[in-house]
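Just below is one structure, and these are the notes that go with it.
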Amino acid sequence: MSERKKRILLVIGGGIAAYKCLELIRRARERGYAVRAVMTKAAAEFVTPLSVGALTGDRVFQDLFSLDDEREIGHIRLSREADLIVVAPATADLMAKMAGGHADDLATAVLLATDKPVLVAPAMNPYMWRHPATQRNAATLLADGVALIGPNVGEMAERNETGPGRMAEPHEILAAIEARLAPAPTGLLAPPPLITPPAEGLPLAGRHVIVTSGPTHEPIDPVRYIANRSSGKQGHAIAAAAAALGARVTLVSGPTTQPDPKGVDVIRIEAARDMLAAVKAALPADCAIFAAAVADWRVASASDEKIKKDGKSSAPRLELIENPDILKTIAHEGPGRRPSLVIGFAAETENVVAYAQKKRKSKGCDWIVANDVSPETGIMGGDRNTVHLVTAHGVEDWPEMDKGAVAEALMARVAAHLRTMTADV
Ligand SMILES: Cc1cc2nc3c(=O)[nH]c(=O)nc-3n(C[C@H](O)[C@H](O)[C@H](O)COP(=O)(O)O)c2cc1C
């Protein structure tokens with residue numbers, strides 16, 4: 001029996017980049033997707049419904065109050081019949097309406113009424129994108145489980161304007177579509193989730209999530225240690241967000257001053273080797289998120305007694321050896337032990353994204369959350385974070401958010417991903 005064509009509902013907003021959606025429709029249909037389009041009133045100022053309809057091979061829906069449209073298919077069915085809703089270009093206005101839950105035209109009514117995953121490709125002037133209102137709206141959409149692709153940095157249609165705001169290219173949007181519509185990987189490294197969540201209830205109910213957080217302390221002697229500046233704020237926020245979505249959470253934490261998140265099983269450790277042992281003992285899990293800043297090295301032979309000065313003229317020499325690689329070890333666990341989704345963090349001070357892409361491959365994990373922790377960013381120990389989510393299908397540049405919002409957005413993505421895997425197995 002041949003497989004049913006996957007259906008994309010493309011919502012076209014009123015921006016200059018609307019012309020690129022023609023190319024997107026063409027490419028998506030070449031890949032075998034059925035595409036149906038909804039256009040906002042403003043979108044029709046930029047591309048004609050005739051061109052869009054000619055390329056989709058279907059009628060184009062524009063009016064919430066059209067008697068014919070409503071009788072024939074209706075806005076609720078329109079939103080439910082799709083496998084994925086793609087908003088491209090997503091104007092600042094459309095994003096604001098989505099974040100606010102408006103439904104005063106067909107596009108927004110469909111987006112509010114849907115139970116399907118939504119992918120948004122913002123396209124606007126860099127000042128509009130950077131405006132705190134748009135950044136707030138983007139953060140709200142991420143926290144609501146909506147996926148963003150782009151915007152890219154580049155030249156704008158307006159002369160002499162460069163910056164973030166260019167819509168992702170059609171081939172990039174198509175890759176993001178394929179990532180969301182592709183069947184879940186099967187095979188040894190991706191066993192099905194251990195527990196199927198109940199149809200009703202919180203999105204992570206029945207799931208086990210392991211999170212690591214904070215620094216590790218590597219002993220030099222009983223009173224001294226090597227540490228780093230990690231506060232544990234991001235890892236603890238992730239554990240709290242996972243618990244809020246109904247997961248059973250095991251938080252393996254290095255020494256921090258962060259309070260224990262409510263409803264989370266906290267295991268306190270000091271050194272990297274203890275962290276690895278605690279994570280292994282907590283397996284199996286559906287998802288493991290390694291947000292701790294684990295020391296790469298430890299002192300080869302820590303002294304059992306306090307090292308004394310004793311009038312010696314030279315300082316003691318410390319030989320360092322490598323710590324176990326917790327992320328890599330767990331990513332290479334065998335079937336039934338490796339979590340379906342393994343997420344690492346990459347805190348860097350230069351070439352953040354390039355390094356994260358390399359790290360994702362070399363560690364064998366599924367996603368990397370990368371951030372720039374140069375001292376001027378104030379991220380290490382601070383309350384806000386600007387992250388890039390690196391997956392097998394590309395890079396998402398998330399707007400600056402507080403660490404709680406990053407955690408909520410990440411866990412919403414995890415929930416959506418695990419749901420897709422369950423649906424496809
Ligand atoms: C020439 C022109 C180009 C525009 N380009 C954009 C754009 O790229 N991104 C954007 O967010 N708004 C843009 N706008 C403003 C939107 O068209 C306007 O906010 C409109 O209300 C959006 O409606 P919609 O969100 O329902 O599609 C542009 C307006 C004009 C006149």
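Quick rundown of the values:
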{"quantity": "Criterion violated by Asn371 - all others in (1) surrounded by 16 or more Cβ atoms within 10 Å (Cβ to Cβ); (2) at pLDDT 90 or above satisfied", "calculated": "(2)"}
{"quantity": "Qualifying helices (runs of 4 or more DSSP H) (wholly inside the range 1-102; at least 3 residues being within 14 Å of the ligand (Cβ to nearest atom))", "calculated": "92-100"}
{"quantity": "Evaluation of Arg338 against (1) at pLDDT 95 or above; (2) closer than 25 Å to Ala168 by Cα; (3) buried (at least 18 other Cβ atoms within 10 Å of the Cβ) (one fails), failing number", "calculated": "(2)"}
{"quantity": "Residues satisfying the stated conditions in the range 103-112, i.e. more than 10 Å from the ligand (Cβ to nearest atom) and either within 17 Å of Ala147 (Cα to Cα) or under 23 Å from the mean Cα position of the chain (by Cα) (or both)", "calculated": "Val110, Leu111, Leu112"}
{"quantity": "Lys328 surrounded by fewer than 21 Cβ atoms within 10 Å (Cβ to Cβ) and over 19 Å from Gly235 (Cβ atoms)", "calculated": "no"}
{"quantity": "Which numbered condition Ala412 misses (of (1) more than 12 Å from the chain's Cα centre (by Cα); (2) assigned to a helix (DSSP H, G or I); (3) surrounded by fewer than 22 Cβ atoms within 10 Å (Cβ to Cβ))", "calculated": "(1)"}
{"quantity": "Output for the range 148-170, where each listed residue is surrounded by fewer than 24 Cβ atoms within 10 Å (Cβ to Cβ), in a strand (DSSP E or B) and aliphatic (A, V, I, L, M)", "calculated": "Val153"}
{"quantity": "Residue match in the range 125-142 (condition: surrounded by fewer than 15 Cβ atoms within 10 Å (Cβ to Cβ) and either aromatic (Phe, Trp, Tyr) or assigned to a strand (DSSP E or B) (or both))", "calculated": "yes"}
{"quantity": "Qualifying position, being outside any loop (DSSP other than H, G, I, E, B), free of Cβ contacts under 8 Å to residues at least 60 places away in the same chain and among the hydroxyl-bearing types (Ser, Thr, Tyr), among Thr257, Thr250", "calculated": "Thr250"}
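The values are calculated or read from the model by the stated rules, or taken from the named source; none is laboratory data. None of the values given here were measured: they were computed from a predicted structure. Backbone-built Cβ (ideal geometry, glycine too); neighbour counts: all protein chains shown.
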